Amino acid sequence: MTQKKDAAIYDDAAFFDNYIDLRKAANNYNDLIEQPIVFELLGDLYGKTVMDLGCGYGAMTTKIADSGAKSVLGIDISEKMIEKGIAENSRENVRYQVMPAEQILDVRQTFDLIVSCLAIHYIKDFENLFSNIFSLLNPGGSFVFSMEHPMYTASLYSQQWVTDPVTDKVIGFVTDHYGEEGMRHIRWLGKEVTKYHHKTDTVLNALIHAGFILEKIIEPSPSDALMKAVPKTVHELHRPAYLIVKSKKG
Ligand SMILES: C[S@@+](CC[C@H](N)C(=O)[O-])C[C@H]1O[C@@H](n2cnc3c(N)ncnc32)[C@H](O)[C@@H]1O
């Protein structure tokens with residue numbers, strides 16, 4: 001199973017520890033930027049049946065479970081992530097399951113909401129993924145996701161800032177090979193990580209082909225207040241790190 005092999009990077013002990021350190025660090029961008037926007041898009045969660053796809057150790061899963069959802073199923077390909085979720089983020093209305101996103105039809109259940117935070121850029125085939133997600137949603141159900149932004153995933157060689165050779169100040173971000181979709185091997189947290197670059201039109205068209213109605217598209221920029229509180233976030237003005245979408249099954 002190629003997907004299992006690629007994504008098993010989160011089951012590598014050193015990579016996993018580095019990822020957890022990054023997520024628990026003060027001023028991490030998940031907590032500052034990405035998760036608050038996704039959570040706000042979820043709307044009223046009371047009584048909803050929810051899937052959190054690529055749930056990791058359950059950060060968003062538990063926020064949803066604690067906000068009135070009837071049940072939340074957290075799915076992730078990584079055994080270590082699910083183990084940590086069960087150990088630290090258990091709730092009566094939460095269930096965790098190790099499963100690749102490519103096999104989600106096996107859950108044999110439908111949902112009012114499917115959410116996915118920063119997981120689907122590990123997946124190659126969005127046409128198939130979105131069509132499966134569509135079929136698992138109840139009528140009127142929502143699919144809300146964040147992913148690494150296509151401007152961020154594009155580069156064949158690096159995901160890094162451009163700096164002024166004299167002042168060493170950040171003056172841009174490397175975006176090359178945007179039009180060449182497919183696999184990327186990126187050095188991150190001390191390991192080579194495999195991701196997939198999808199252009200923005202590919203992402204949105206795959207949603208439309210699956211039958212979704214697009215409700216909101218967000219490319220987050222740091223607010224003035226955030227740039228004042230955490231000055232390094234000013235670099236985020238050079239390109240969006242995330243693409244965040246809310247869509248609906250009509
Ligand atoms: C950056 S982490 C985000 C975790 C969590 N959603 C959060 O925001 O805290 C990406 C997660 O996607 C999971 N993942 C990667 N490829 C996957 C796949 N094919 N199927 C299911 N999960 C996958 C990883 O195991 C990892 O837990």
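The values are calculated or read from the model by the stated rules, or taken from the named source; none is laboratory data. Being a predicted model, the structure only gives us computed values, none of them experimental. Cβ: placed from backbone, ideal geometry, glycine included. Neighbour counts: every protein chain shown. For the accessible areas, the whole protein counts, side chains as well, though only heavy atoms, and no ligand, DNA or RNA atoms are used. Shrake-Rupley method; radii C 1.70, N 1.55, O 1.52, S 1.80 Å.
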Among the residues of the range 230-250 satisfying the criterion of being in contact with a Ser or Thr (Cβ under 8 Å, 6 or more places away or on another chain) and not in a strand (DSSP E or B), which is nearest to N27 (Cα to Cα)? E236
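Can N28 be described as touching a Leu at 6+ places or on another chain (Cβ under 7 Å) and open to solvent by 50 Å² or more (accessible area, probe 1.4 Å)? Break it down into steps so the answer makes sense when it comes.
Values: touching a Leu at 6+ places or on another chain (Cβ under 7 Å): yes; open to solvent by 50 Å² or more (accessible area, probe 1.4 Å): no.
It is false that N28 is touching a Leu at 6+ places or on another chain (Cβ under 7 Å) and open to solvent by 50 Å² or more (accessible area, probe 1.4 Å).
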Scan the range 129-145 and tell me whether some residue there is over 30 Å from E181 (Cα atoms), polar (S, T, N, Q) and modelled with pLDDT of 95 or more. yes
Going through I244, I213, I218 one at a time, which residue ends up being open to solvent by 80 Å² or more (accessible area, probe 1.4 Å) and of a type in the set (A, V, I, L, M, F, W, C)? I213
For the range 48-62, pairs from a residue that is near the ligand (Cβ under 7 Å from one of its atoms) to a residue that is assigned to a loop (DSSP other than H, G, I, E, B), with Cβ under 6 Å and 6 or more apart or across chains, are G54/A119
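Quick one: count up the residues across the range 50-83 that are open to solvent by less than 40 Å² (accessible area, probe 1.4 Å) and either modelled with pLDDT under 95 or farther than 17 Å from C117 by Cα (or both).
Residues of the range 50-83 open to solvent by less than 40 Å² (accessible area, probe 1.4 Å): 50-62, 64-65, 68-69, 71-78, 81-82.
Filter once more, so that each one left must be either modelled with pLDDT under 95 or farther than 17 Å from C117 by Cα (or both): 68-69, 71.
Residues meeting the conditions: 3.
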Say we look at the range 161-210 and pick out the residues that are part of a loop (DSSP other than H, G, I, E, B) and either in contact with a strand residue (DSSP E or B) (Cβ under 7 Å, 6 or more places away or on another chain) or among the aliphatic types (A, V, I, L, M) (or both); which of these is surrounded by the fewest Cβ atoms within 10 Å (Cβ to Cβ)? V166
Checking N93 against (1) closer than 19 Å to M51 by Cα; (2) surrounded by fewer than 22 Cβ atoms within 10 Å (Cβ to Cβ); (3) in contact with a Phe, Trp or Tyr (Cβ under 8 Å, 6 or more places away or on another chain), only one condition comes out false. Which one? (3)
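Among the candidates H149, H121, single out the residue that is in contact with a Ser or Thr (Cβ under 9 Å, 6 or more places away or on another chain) and away from the ligand (no atom under 12 Å from the Cβ). Steps first, please.
Values: H121 fails: away from the ligand (no atom under 12 Å from the Cβ).
The unique qualifying residue is H149.
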Take the residues of the range 31-46 that are surrounded by fewer than 19 Cβ atoms within 10 Å (Cβ to Cβ) and touching a residue at least 40 places away in the same chain (Cβ under 8 Å): which is farthest from K216 (Cα to Cα)? L32
Among residues of the range 70-114 being aliphatic (A, V, I, L, M), farther than 22 Å from T194 by Cα and touching a residue at least 60 places away in the same chain (Cβ under 8 Å), the residue nearest to the ligand (Cβ to nearest atom) is I114
